[in-house]
Each structure stands twice: as C-alpha cells, then as structure tokens.
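J.: One structure follows; several queries about it will come next.
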Amino acid sequence: MRYLPKSDSERRQMLDAIGAGSLEELFAHLPEAVRLQRPLDLPLGISEYEIVRYFRERAAQNASGYASFLGAGVYYHFRPVLVENVVARGEFLTSYTPYQAEISQGTLTTIFEFQTMICQLTGTDVANASMYDGSTAMAEAAMMAVRATGKGRVLVARSVHPEYREVLRTYAANQGMPVEEFGYLPEMGTLDAEDLERKIDDLTAAVIVQSPNFFGAVDRVREAAEVAHRRGALLILVFTEAVSLGLLQPPAEADIVAGELQSFAIPPSYGGPFVGIIATRDRFVRQMPGRLVGQTVDTRGNRAFCLTLATREQHIRREKATSNICTNQALLALMASVFMTVYGKEGLRELAAQNLSKAHYLASKLKPRFCGKFFNEFVAQVQGKTLDQMNKALLKKKIIGGLPLQRFYPELENCVLLCATEMSRRADMDAVAEAFA
Amino acid sequence: MIDRVRPHLVINERLIFEHSSPGKVAYQLPVLDVPAVDPAEALGTESVRAEIEDFPEVSEVEVVRHYARLSTWNYSLNTGMYPLGSCTMKYNPRVNELVARIEELAWAHPYQPEALAQGSMEIMSRLETALAEITGMDAVTLEPAAGAHGELTAILLIRAALARRGNPRKKILIPDSAHGTNPASAAIGGYAVENIKSNDAGMLDVAALEQIVNEDVAALMVTNPNTLGVFEEHIIRVAEILHAKGAFLYMDGANMNALMGIARPGDFGVDALHLNLHKTFSTPHGGGGPGAGPVAVKKTLEPFLPVPRLKQSGKKWAYDYKRKHSIGRLRAFYGNFGVMVRALAYILAHGGPGLRKVTLDAVLNANYIRKHLEPFYELPYQSPSMHEVVFSDHRQAQKGVHTGEIAKRLIDYGFHPYTVSFPLIVHGALMIEPTETETKRELDRFIQAMTAIAEEVDRDPQLVKTAPHATGTSRVDEVAAARKPVLRWKPA
C-alpha cells in the first residue's frame, strides 16, 4: 500500500522492540466475539491511474459543457486563479485547527482578516471564523437569539430558502423552540409585514428574513426589523448571495447576520463543502457559536493572534456550550478571503453591478412573476407550455434552465427561479428568452 | 544527534488592510455584453450602499506574496508529524485533491436535473455502501457536515425512534472520558446529560452502568477505542444492558482508525455511529475544516434518516424526499460532496486489505511510542493501547513542568504538540496518536525529542517552561486576548 511508509523489515524491528510476535498479536486482547472473522467485502486497492479514471468516468455521467441559469443558494461565479494558488499550498491545506498559536500564525492571521472583511461587508461589529454553511448558520443564529433574549419562539419568512427553513425546523424540534412562518406578498415576492405583525407576540425571540430573498427580491428588512424590535425580538438577516453585498446596503437593522459565502470562489461542488458565517453586534459576542480569533502579543511584544473566548465552546463548556460545533470550514473561509482580497473595494462593486445588469437583461426579455426589486435572480412564469417541455427544449441546446419552484411553493405552479451572473453570456440568455416565448 | 528546528527565512508580513491604498486592483472583469443597469434605478437609491469602508485595495502581486508569506508561519502535515491524539492527522493523498477538482464534479450544481447528476449520485452511493461495510451497519447518511453534526444527527435519530415507540426518554449517558462535543450534541438534541465514571482500567464500569440504565435513558454515547486509546472490552455486554432496557448504543467513530478490517461496530452491538472523513479517511484538515461526519445506523433507525435519501429507480439514481418518519434536514443540499469524493478515493486506493493494513500500522506505531516513552512518562492506565497512547505529566509536574509546556517545547524539536490536557480523566494528559503514515525514522525522531525533553525537565525546567524558543512567534498571551477581545482590524 503506497501510503504506508514502512518496509516489512522495519515493522519487524518495531515489533521486536515492543516484544510482540506479530501485528495480529497487538489485537490479542480484543474478545473473540468482537473480531471480524472475514476480510472486508471491498475490492482490492487500485492505482492512482485507475482512481483518476474511475472519477473521470463518473464525471462524464454529470452535466458537461452546459450553460446554467441555476442559483437558489448556489451560484456560478468565476473563481480567480489566485484562490486555487493559495489553498493548494500544503501549509494551509494540511494544517490542523490553530490551537497552537506559535506555529499557526498563518491560519490565525487569515481568519482575523476574514472576520474583519465580513464585518466590513455586513456592517457588523464581530464575525466568527465560520460555520458549516448558510443553512446551519441560520439555525445556530436562531438558537443564539433564544439565548440572548430568554424567549423561545421563532418566526421565519416563507421567502427564506426552503431548505434553510427545513434545517431550522430540525434543529428547533427538540429545544422548546416553536418555529412558525409568515407569508410573502403575492404580487411583490417580498415579505408580508402585516402577516408578520399578526403572528408576532412578546414571546418571540427572533424574526428571520432573507435579502435578497429566495425569489431574488430585495426584501423589506427595515419593516421586519421595526416590527421585531417593537416586540423585543431580534432580527436575523440571512443572505445566500454574498456578491449582492457589493451593491446592497448592509443590514444596519439586523441584530444577527447569518450567511453563506459560496459565491466567493467556492466551487458549487454539488452542494458542499461551503462556508457559513454568523456576524453580530458587540453586545452579543458571548452568545456566539463557533471559533473566534483575537489579537494579542507574544512574549517579545510582537502582534500575534490566537483562538479566543473559548469558554463559549464545547471543549470547555461541554453540555452548556453555545453550540456543539467543533470542526468548521477554515479552508473555505480562506478561499472567500482571497476572493474578497482579489476583488477588493472596487471590484466587488463592479462584479455586483455586472450581475445586476445581466439579470435585468434576462428579465427584460421575460416577464418576471413578481414586481419587487431584484439583484441577480428572479422568478418567471411559463405560459402556453409546461415547464418540463421548456426545460427539455433548453437542455437540447445545452442549457440548464432555472429551478422549478412548485416543489417548494405549490402555489407557484409553472414558475421557475432564474439566475444570471457575470458568467452568463448574452447568447445563452437570448436562447432562454426564446424558449419562454 | 537529535534533529531540532533551525530558523529559516520568515518574512514579517502586515495585515492585508495595511497594504491597501486607494486605486490598486487585482481584478479585471470582462466588458459587459448587455446594457449596463443603473443600480440606484434598479434597486432604489436607499438600497444601494456607499463604498465598503476599509475593504482591501491591493495588487495581484501583493495578494500572492501576502498569502505565501503567511503560509510560512504555519506548521503543516506537509512539513512534519502531528501526534495529535483523537485527531488522526494522517497523510492526505494528493490524487484525492485532483479528482475532487474534476470540472463536472466540482462545478456540479446541487439542483441540476438528476439525469445530469448521475455520476455524483453514484459516487455518494458507492461511499455509503463502503462505509456500511467497514462499520458493519445497514444504512449510511452522508449529510452531516462534520463530526459534531453527525453526533447531533444520530441523537435526533435515536430520539425519533424512541418517540415513535411512545416516549423519547430524558437522558443520555456519557463516559467522563468523552470528547466535549458529545454532551454538547446531546444537549442540542434535547437531552439531559449524565456522566458516568470510568473504572481503574480506563474502561466503562459495567456494574455501575447496569445500575444506572433505566427507562429514562435514551442512549449511551461511547467512544471505542475510547479517548485513552483503550478498547472497551465489555462492549457486547454494554450493548446488551442498554438494549434490555430499550435504550440505544451510540458510538463516536472518531477512533475508527483502530478498527478497520479488525472489528466492526455493527457486529458488537452499536446502533448508530458517526465517522470523521477528515480523520480516518484522510481528507485534509485545511486549518480547521471542511470535514464530513456521515452517520451509519442499524435497520431500526433507518426510517428516520435525514432527507433526501438516494434511491435506485430502474438503472437511474433519484432522490427520495418523501420519508414519513425522517428527522428532516440537517443542512441544505446533500452534504460536503467534495469531501466525500476524497474519502472514496482513499477507500478505493486501499481496498479492503489495505484498510486493514492501515489499522495494523496505526496500532503498531502507537505501541512503539508507548514502549519507548514509558520509562520517561507516567502511564496512568496499563490497559493495552490501540491507535493512541495517553501519558500523564505526573513525574514532570513534580519539577513544576506541565503537559502544556512539554507540548510547547516539542515545537522546538520540529513537531506539532500532542493533544494537551485531554481526556479529562487523566490529570495533565499527553495524548499521542501517530497514525499509520509516519515513517519509522519520524517516529524515532519523535521519541528522541520526547526523551530529550524529559531530561531537560530534570536538568533545566525553565528551558521547557518558556518554550518555544525557535519559532518566529514566541509564547502567545492568550489570557490578554480573552480579557480585552480584539476580534477585527480597525484603522489606527
């Protein structure tokens, strides 16, 4: 086995040193009844060449060479070359969680920069080192709001990503944390503040909204925040399309921001690994889940960084911790950091503006289902044919159309969620428009 | 002659914000092929932000140098051994990185039509099957994003199964040697936690367990081998005690590296376990993630697994979203697919016999270290070691030197520290797991370093207490960091 770096004679020497006759003898204390009496039913090991061939064959069974207008929480943005250049460095790729600060300043410094950039982008005071993804970040944000307010009820807008809402329900189920939903305006595709007003009460810990929301619409965060704050609840703002923050006003009204950074140079990778964040105001920092990096000094007086405020975390607090999270998504956070650094202040704005222009071009050729303002995604309704027929016609042209919404929203029959980014070409958008006509 | 660290070229580097100056860029976008839209008009003036204050403005060359320089401040598996107990920091095969980056896998969208994702689904199915065989379980979900996420998933499965029988029960039993995520996950699953003490051999006390297990107990969370690296020899009896009272046996699979091809949790009574693909199955740790925490279960728990489930319809793979008893979703989409690709590549490379060899060598290495360090460090439990060995600083503490300081001194010899002060049942623990991918020479160097440090403690304890001495960054003041937290950069 090529990953095992010992020769049989070295094994023999080591066994002699231990005083064991054979490798099997090292397991002699295992009761007979627990021992596997046959070989594992797995094929023999294969060479590097065969491994590459196996995965290339599988890859060939996936879509290849298609233009895609899918978004819905996972976006196609160009990945700057420098990102791969950085994360392929073994010093980042193969290092452990930076508990040993003296030999982990590389990772610690990049996380400190990451936390800073997330704060700048979201207009918050403090951001953590990462969560698994946006969906779990949202569930953890709700739990954080429950701790911070001492109340239990959570209200979530139906215009929040449907799978994120499913995750929230799973997490909330056993924590005495009732979750209820409030609707969206059928003409606008933005949250229904009156419905929120009807459903909120003084036992509500958090109101969760997404902007741009699942339909791509810039949602009424301010109105929701006003209602939430009036009843002593926190406002949690969720985002799935981080590029929108290049243009959109950061959520000044939000108490907690929970988001997904996949858009920042993280390959779609069939749904993961991604990287979530939680960012908040200073006063809630001790309720935050996840790792945090802080600035300090070493004994020589030089600036240094280390993991900090660990008394919130499971390895210290065990069942009283703010979360059970341990391993997070450090390497993905690094990808996002490099992306933000490459695009920078001007670039992120220009990138967002290009997304806006492309999506509005596509929308101008179709008839958006909702009339709310949108960023790079919108809902369109097919008329005179079925969605299935249209998507099949597009596939023939090597185009993957948008996401059919009926699975998530039965009332949105024949509706599709389309996304255009800086990578969408005009000719492909024209082809989509043609298929709709 | 003992190998030690020598200083190398380490350049001081500022934060990226301190390189910034207005107008510098590292990007170029294509010329827009559609009419430009005015943001204020499309979004409304009130929705358009002002510039992102203090966001980086740097050139491409600076980006490359910045991250390259920072990378040199990191220790990594590429440069040396990580004897981190319970972390299984093994070699990360490079071919795994290559296959995870194949365009049609890395750029597959989770919502692309199932007919155009058959390759991804086949990979997931094959990994599920392999993990079920390795663990002796009936079904596997790949959805959880990391070990702790897998623990939570398993607790929710157990809760759902018990609730369906009429009573979810109240508490989860956890040995005092367990990892901190175990009680934290149980709490999120809505259970009270009851700690149970280990016996003199560092194992579960079967008689005590028998006393405690009653109809309030939902499950026992056991790590096997446990965090002392000791195999729970009475595990079959433990399972019987729980099952007799209708409770479940959950196993934390963090230490699966000790069992592959030797013993299967499913065969010794475990009902559910999670695996860490970023430990046993070699996916890189990336400075703290991503990982993946698949959960394997017996048939009794299968109906409750998270949605969606893979199913075969004809010769095609499809997703089954309609599962009446499912606990729901643990995360959006299907899990950390990119990590699954790497783990499957690892399993394919080894095959069945290869995985067994992994375990044999992992246990050989741990016992080799134990044998050589036993004369110098106290071994609080004499039970046979599996893939890791836990010493205590009892002898060194008499000279005023503690495990954390010995660990820092190890850095000067070119090693990452072992796991410090864990498990909690060993006062001043030194928890050492070499993994199977270390050469004999690297193990000998490690033993020499540990032996040399033991001698230094006798001769010059202050030298050890003030370590590390050879690093660019000397001992970091963690207390100050927590007292006055500075969690982001701000302009001076």
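The values are calculated or read from the model by the stated rules, or taken from the named source; none is laboratory data. Everything numeric here is computed off the predicted structure, so don't read it as measured data. Here Cβ is always computed from backbone atoms with ideal geometry, including for glycine, and neighbour counts include all displayed protein chains. Calculation scope for accessible area: heavy atoms of the full protein, side chains included, ligands and nucleic acids excluded. Shrake-Rupley method; radii C 1.70, N 1.55, O 1.52, S 1.80 Å.
J.: Applying 1/(1 + (r/R0)^6) with R0 = 56 Å to the Cβ-Cβ distance of residue A:202 and residue B:448, what FRET efficiency is obtained, to the nearest 0.05?
T.: Working: r = 66 Å, r/R0 = 1.18.
In this case the efficiency is close to 0.25.
J.: Let me ask something else. Using a Cα-Cα cut-off of under 16 Å, which aspartates and glutamates could be cross-linked to residue A:385, ignoring same-chain neighbours fewer than 8 residues away?
T.: List returned: A:413, A:434.
J.: Can you give me the Cα centroid spacing of the stretch B:358-388 and the stretch A:19-53 in angstrom?
T.: Between the Cα centres of the stretch B:358-388 and the stretch A:19-53 lies a distance of 19 Å.
J.: Let me ask something else about it. Suppose R0 equals 60 Å. What FRET efficiency, 1/(1 + (r/R0)^6) with r the Cβ-Cβ distance, do residue A:8 and residue A:56 give to the nearest 0.05?
T.: 0.95
J.: List the pairs from B:90/B:279; B:440/B:465; B:408/B:440; A:367/A:397 whose alpha-carbon separation is above 18 Å, in the order I gave them.
T.: Over 18 Å apart, Cα to Cα: B:440/B:465; B:408/B:440; A:367/A:397.
J.: Could you pull out every one of the lysines with an alpha carbon less than 17 Å from that of residue B:197, ignoring same-chain neighbours closer than 8 positions?
T.: Cα-Cα hits under 17 Å: B:171.
J.: Here's a follow-up. Relative to the isolated chain, which residues of the stretch B:242-263 have their accessible area cut by 50 Å² or more in the presence of all protein chains (1.4 Å probe, heavy atoms, no ligands or nucleic acids)?
T.: Residues shielded by partner chains are B:262.
J.: Which net charge results for the neighbourhood of residue A:214, defined as the other residues with beta-carbon distances under 9 angstrom from its beta-carbon, given Lys and Arg at +1 and Asp and Glu at -1? Kindly include the intermediate steps, with their values, before the conclusion.
T.: On the way: positive: A:158; negative: A:377.
Its environment carries a net charge of 0.
J.: Sticking with this structure for a sec: Under the Karplus relation 6.51 cos²θ - 1.76 cosθ + 1.60, θ = phi - 60°, what is the ordered set of whole-Hz ³J(HN,Hα) values for the stretch A:106-123, x standing for Gly and Pro?
T.: With the stated coefficients, the stretch A:106-123 comes to x, 4, 4, 5, 5, 5, 4, 5, 4, 4, 5, 5, 5, 4, 4, 5, 9, x Hz.
J.: Here's something else I'd like to know. Under a Cβ-only charge scheme (Lys and Arg +1, Asp and Glu -1), can you give me the dipole magnitude of the protein assembly as shown about the Cα centre, in debye to the nearest 20? Could the numbers behind the result be given before it?
T.: Details: 100 positive and 105 negative charges, 148 e Å.
So the magnitude is around 700 debye.
J.: Restricting to DSSP H runs of at least four residues, report the calculated mean residue ellipticity at 222 nm for the protein assembly as shown, -39500 (n - 2.57) per run over all residues, nearest 500 deg cm²/dmol. Kindly include the intermediate steps, with their values, before the conclusion.
T.: Working: 28 runs with 330 residues, N = 929.
Theoretical 222 nm ellipticity from helices: -11000 deg cm²/dmol.
J.: From other protein chains only, count the Cβ atoms within 10 Å of every residue's Cβ in B:177-186, then give the mean.
T.: On the way: counts 0, 1, 4, 10, 10, 4, 7, 13, 7, 3.
Mean partner-chain Cβ count within 10 Å for B:177-186: 6.
J.: What's the average, rounded to a whole number, of partner chain beta-carbon atoms within 10 Å of each residue's beta-carbon in A:84-91?
T.: Averaged over the peptide's residues, the number is 6.
J.: Follow-up question, since we're still on this one. Rounded to the nearest 10 Å², what accessible area does residue B:11 have for a 1.4 Å probe in the complete protein model?
T.: Accessible area of residue B:11: about 70 Å².
J.: Let me ask something else about it. Suppose accessible area is computed on protein heavy atoms with a 1.4 Å probe; arrange B:252, B:267 from highest to lowest.
T.: Largest accessible area first, the residues go B:267, B:252.
J.: Determine which residues of the stretch A:9-26 fall in the zone a paramagnetic label at residue B:374 would reach in this model, i.e. backbone nitrogen under 11 Å from the point 7 Å along Cα→Cβ.
T.: Residues A:18-20 qualify, since their backbone N sits under 11 Å from the label point.
J.: For residue B:170, what is the net charge nearby, where nearby means another residue's Cβ is under 15 Å from its Cβ and Lys, Arg count +1, Asp, Glu -1? Before the final figure, lay out each step's value.
T.: Working: positive: B:159, B:165, B:169, B:171, B:245; negative: A:319, B:194, B:215, B:216.
Net of charged neighbours comes to +1.
J.: While we're here: Given Cα pairs under 8 Å that are at least 6 residues apart, what percent is the relative contact order of the stretch B:407-484? List each step's numbers first, then the result.
T.: Details: 65 pairs, mean separation 24.5, N = 78.
The normalised contact order for the stretch B:407-484 reaches 31 percent.
J.: Now, a different point. How much of residue B:402 can a 1.4 Å solvent probe reach, expressed as accessible area in Å² and rounded to 10?
T.: 90 Å²
J.: To the nearest hundred square angstrom, how large is the accessible surface buried between A and B, total for both chains, probe 1.4 angstrom?
T.: For chain A against chain B, roughly 16900 Å² becomes buried.
J.: Could you work out Rg/(2.2 N^0.38 Å) for the protein assembly as shown, with Rg from alpha carbons only?
T.: Normalised Cα radius of gyration, the protein assembly as shown: 0.92.
J.: Alpha carbon centre of the stretch B:276-345 versus the stretch A:121-158: separation in Å?
T.: The distance from the Cα centre of the stretch B:276-345 to that of the stretch A:121-158 comes to 24 Å.
J.: Can you give me the C-alpha center-to-center distance between the stretch B:71-96 and the stretch B:124-158, rounded to a whole angstrom?
T.: A separation of 25 Å, based on Cα centres.
J.: Next question. Pop a pseudo-label 7 angstrom from the Cα along the beta-carbon direction at both residue A:44 and residue A:397 and give the gap in nm to one decimal.
T.: 5.2 nm
J.: Here's another thing I want to ask about it. Of the residues A:346, A:194, A:413, which exhibits the maximal mean-square fluctuation in a Gaussian network model of chain A defined by a 10 Å Cα contact cut-off?
T.: Maximum fluctuation in the GNM of chain A, among the listed residues, is at A:346.
J.: Under a straight-distance cross-link criterion of Cα-Cα below 22 Å, which lysines are reachable from residue A:151, leaving out those fewer than 8 residues away in the same chain?
T.: Partners found: A:199, A:320.
J.: With θ set to phi - 60°, apply the Karplus curve 6.51 cos²θ - 1.76 cosθ + 1.60 along the stretch B:472-480 and write out the HN-Hα couplings as whole Hz, x wherever there is a Gly or Pro.
T.: For the stretch B:472-480, the Karplus-derived couplings read x, 9, 7, 3, 8, 7, 6, 5, 4 Hz, x marking Gly and Pro.
J.: A follow-up question, please. Below 8 Å between Cα atoms, with a sequence gap of 6+, how large is the relative contact order for the stretch B:95-348 in percent?
T.: Averaging sequence separation for qualifying contacts and normalising by length gives 28 percent for the stretch B:95-348.
J.: On to the next question. DSSP loop (so not H, G, I, E, B), at most 11 other Cβ within 10 Å: list which trypsin sites (Lys or Arg not before Pro) in the stretch B:293-333 pass both filters.
T.: Loop-located and lightly packed - B:315, B:322, B:324.
J.: Ok, one more. In nm, give the distance between the simple-model label positions of residue B:212 and residue A:29, each being 7 Å from the Cα along the Cα-to-Cβ direction.
T.: Result for the modelled spin labels: 2.2 nm.
J.: Which residue, A:52, A:83, A:285, tops the fluctuation ranking in a GNM of chain A built on C-alpha contacts under 10 Å?
T.: A:52
J.: If you build a Gaussian network model of chain A, linking Cα atoms that sit under 10 Å apart, which residue out of A:202, A:255, A:125 swings the most?
T.: A:202
J.: Accessible surface of residue A:245 in the full protein assembly, 1.4 angstrom probe, to the nearest 10 Å²?
T.: Roughly 10 Å² of residue A:245 is accessible to a 1.4 Å probe.
J.: Residue by residue through the stretch B:414-430, what is 3J(HN,Hα) from phi via Karplus (6.51 cos²θ - 1.76 cosθ + 1.60, θ = phi - 60°)? Round to whole Hz and write x for glycine and proline.
T.: For the stretch B:414-430, the Karplus curve yields x, 10, 6, x, 6, 6, 9, 6, 8, x, 5, 6, 10, 6, x, 6, 10 Hz.
J.: A further question follows. To the nearest whole number, what is the average tally of beta carbon atoms from other chains within 10 Å of the beta carbons of peptide A:300-306?
T.: 5
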